[in-house]
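The values are calculated or read from the model by the stated rules, or taken from the named source; none is laboratory data. The shown structure was predicted, so the numbers you read here are calculated from the model rather than taken from an experiment. When we count neighbours, we look across all protein chains shown, and the Cβ atoms used for this are built from the backbone with ideal geometry, even at glycine. In case anyone asks, the SASA skips ligands and DNA or RNA and just uses the protein heavy atoms, side chains included. Shrake-Rupley method; radii C 1.70, N 1.55, O 1.52, S 1.80 Å.
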Amino acid sequence: MWQDKRVSVVFPAYNEAANVARAAEDFRAVAAVDEVIVVDNNSRDATAALARAAGARVVSEGRQGYGHALQRGLREAQGDYIILAEPDGTFVAGDVFKLLAYADEFDLVLGTRTTRELIWDQANMGWFLRVGNLAVAKLLQVLFGGPSLSDCGCTMRLIRRDALGRIGRGFTVGGSHFLPEMVVLALLHRLRIIEIPINYRARVGDSKITGSQVTALKVGARMIALILQYRLRSWRRRGRGLRAR
Ligand SMILES: Nc1nc2c(ncn2[C@@H]2O[C@H](COP(=O)(O)OP(=O)(O)OP(=O)(O)O)[C@@H](O)[C@H]2O)c(=O)[nH]1
Ligand SMILES: [Mg+2]
């Protein structure tokens, strides 16, 4: 509990046996956290069993994809505040408090991994990924008149349950470019959003998305296409006198 609010943590997990138990233990040890949910996305390793043994609630999502896994976790979470993170060792459990510090005043508190001072040695956030994340985030910021944004791909973030109720039905992305859709929908619904710096560490276990530059570029291109599509669609709707969505 955090100031009388229940707090859920959601981990999407696809073959994360290398660190899922440690991550579940670390986040469960944070006094404010009430439940840790691991969304097992057809893992072929011991992810589900290890997560369960470490005290997490495990739910299985059959539709493969990072976005499908996160959407399932958002639906399953019982908390008033829902925090998304990853069980791969990249995020620090104590940073939950940084997100919670803003949860009273903001509907969506986004982490950013592009603050140099908080990028740990060996973290997968070299020049290419850092500038790429920054550039796509700035595109989103400028096109939608958002708050200062510097990372389009940071899983670690907090959303209030009431805010999720307003945007959740609009989710369409099941793949790796889900995160900007969440932010675009939040901006179109005029939710209060802030982005704050969090720690970013080296990964434990095999990378599935941004480990390869080719995959990272493909995800980046999908994110840009998604942002442009939403912008054009909402301008067109506005032109026809319809409510912006
Ligand atoms: N790519 C991918 N990730 C999934 C899927 N289902 C769940 N995930 C989880 O989504 C998270 C993001 O994937 P990562 O491989 O960590 O990708 P990343 O965070 O961009 O990059 P690194 O942490 O540097 O590897 C991890 O916790 C995965 O286990 C899926 O179908 N595909
Ligand atoms: Mg990761």
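The C-beta contact set for the stretch 161-176 (first residue more than 19 Å from VAL9 (Cβ to Cβ), second residue among the acidic types (Asp, Glu), distance under 6 angstrom, 6+ apart or interchain) comprises VAL173/GLU181.
Within the stretch 133-150, no residue satisfies the criterion of being in a loop (DSSP other than H, G, I, E, B) and in contact (Cβ under 8 Å) with a residue 60 or more places away in the chain.
Restricting attention to the stretch 40-61, the residues being in contact with a Ser or Thr (Cβ under 9 Å, 6 or more places away or on another chain) and acidic (Asp, Glu) number 1. Within the stretch 189-245, the set of residues being part of a loop (DSSP other than H, G, I, E, B) and among the small types (Gly, Ala, Ser) comprises ALA202, GLY205, SER207, GLY211, SER212, GLY241, ALA244.
If only one of GLY175, GLY153 is of a type outside the set (Ser, Thr, Tyr), touching a His at 6+ places or on another chain (Cβ under 9 Å), assigned to a loop (DSSP other than H, G, I, E, B) and surrounded by fewer than 21 Cβ atoms within 10 Å (Cβ to Cβ), which one is it? Exactly one of GLY175, GLY153 is of a type outside the set (Ser, Thr, Tyr), touching a His at 6+ places or on another chain (Cβ under 9 Å), assigned to a loop (DSSP other than H, G, I, E, B) and surrounded by fewer than 21 Cβ atoms within 10 Å (Cβ to Cβ), namely GLY175.
Considering only residues that are charged (D, E, K, R), more than 16 Å from ligand 2 (Cβ to nearest atom) and open to solvent by 20 Å² or more (accessible area, probe 1.4 Å), look in the stretch 47-99 and name the one that is farthest from ASP34 (Cα to Cα). In this case the residue turns out to be ARG63.
The residue that is modelled with the highest pLDDT, among those in the stretch 107-131 that are part of a helix (DSSP H, G or I) and more than 18 Å from MET156 (Cα to Cα), is VAL131. The single condition from (1) under 21 Å from PRO180 (Cα atoms); (2) acidic (Asp, Glu); (3) within 14 Å of ligand 1 (Cβ to nearest atom) that GLU16 fails is (1). Of the candidates ARG116, ARG161, the single residue that is closer than 24 Å to PRO87 by Cβ and open to solvent by 60 Å² or more (accessible area, probe 1.4 Å) is ARG161. Taken over the stretch 51-108, the criterion of being under 16 Å from the mean Cα position of the chain (by Cα) and free of Cβ contacts under 8 Å to residues at least 40 places away in the same chain is satisfied by ARG72 alone. GLY153 satisfies every condition listed in (1) more than 13 Å from ligand 1 (Cβ to nearest atom); (2) within 29 Å of ALA93 (Cα to Cα); (3) at pLDDT 95 or above except (1). Per this entry, GLY132 is counted among residues that are open to solvent by 20 Å² or more (accessible area, probe 1.4 Å) and either under 30 Å from GLY205 (Cβ atoms) or in contact with an Asp or Glu (Cβ under 9 Å, 6 or more places away or on another chain) (or both). For VAL183, state whether it is away from ligand 2 (no atom under 16 Å from the Cβ), at pLDDT 95 or above, surrounded by 20 or more Cβ atoms within 10 Å (Cβ to Cβ) and not small (Gly, Ala, Ser). Spelling it out, VAL183 is indeed away from ligand 2 (no atom under 16 Å from the Cβ), at pLDDT 95 or above, surrounded by 20 or more Cβ atoms within 10 Å (Cβ to Cβ) and not small (Gly, Ala, Ser).
Matching residues to (1) away from ligand 2 (no atom under 16 Å from the Cβ); (2) touching a Gly at 6+ places or on another chain (Cβ under 9 Å); (3) over 24 Å from ILE167 (Cβ atoms):
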| residue | (1), (2), (3) |
| --- | --- |
| ARG190 | yes, no, no |
| ASP206 | no, no, yes |
| GLY211 | no, no, yes |
| THR215 | no, no, yes |
| ARG222 | yes, yes, no |
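Candidates are the residues of the stretch 21-46 that are in contact (Cβ under 8 Å) with a residue 24 or more places away in the chain and among the small types (Gly, Ala, Ser); the one that is most open to solvent (accessible area, probe 1.4 Å) is ALA29.
Take the conditions (1) within 12 Å of ligand 1 (Cβ to nearest atom); (2) without any contact (Cβ under 8 Å) to a residue 40 or more places away in the chain; ARG130 misses just one of them, which is (1).
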